[in-house]
Amino acid sequence: MSLVVKQRRIESESGEKKKDMLGALLASDDHGGFSDEEIVDFLVALLVAGYETTSTSMTLAVKFLTETPLALAQIKVSIVESRLPLFFPPCY
């Protein structure tokens, strides 16, 4: 990841600005800025935080559905109803 940061820093210094998280971190150089190492650490933390958030949410959703049969049944009905138009197109 540090190679990507170094390459983007070179591109940024040559005038090529991108509007993404890495671009925003590199643009902060005007105000003291971050070192390449700090940027890599920050990006890795964002990646890990997003991963853990998603897995935790999915785990809690599955746990809720297994403990709440009514909610699971309602989701199954919703899925079946959303697929019905694919099998039975409306008659005009």
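The values are calculated or read from the model by the stated rules, or taken from the named source; none is laboratory data. The model shown is predicted, which means the values in this text are computed figures rather than measured ones. Cβ: placed from backbone, ideal geometry, glycine included. Neighbour counts: every protein chain shown.
Of all residue pairs spaced 6 or more apart or on separate chains, those with beta-carbon atoms under 8 Å, a first member in the range 52-69 that is at negative phi and a second member that is of a type in the set (Gly, Ala, Ser) are PHE64/ALA71; LEU65/ALA71. May I ask you to verify whether GLU16 is under 13 Å from SER2 (Cα atoms) and either more than 22 Å from the chain's Cα centre (by Cα) or in a loop (DSSP other than H, G, I, E, B) (or both)? No, not satisfied. For the range 54-82, a residue qualifies if it is modelled with pLDDT of 85 or more and charged (D, E, K, R), and the qualifying residues are LYS63, GLU67, LYS76. On the basis of being modelled with pLDDT under 90, out of contact with any helix residue (DSSP H, G or I) (no Cβ under 8 Å at 6 or more places or on another chain) and not in a helix (DSSP H, G or I), does PRO85 make the cut? Answer is no for this residue. Selection of the range 23-50 for residues being surrounded by 12 or more Cβ atoms within 10 Å (Cβ to Cβ), modelled with pLDDT of 85 or more and out of contact with any Ser or Thr (no Cβ under 9 Å at 6 or more places or on another chain) yields LEU25, GLU38, ASP41, PHE42, LEU43. If you filter the range 21-71 down to residues that are among the polar types (S, T, N, Q) and assigned to a helix (DSSP H, G or I), you find that the one that is farthest from ILE10 (Cα to Cα) is THR66.
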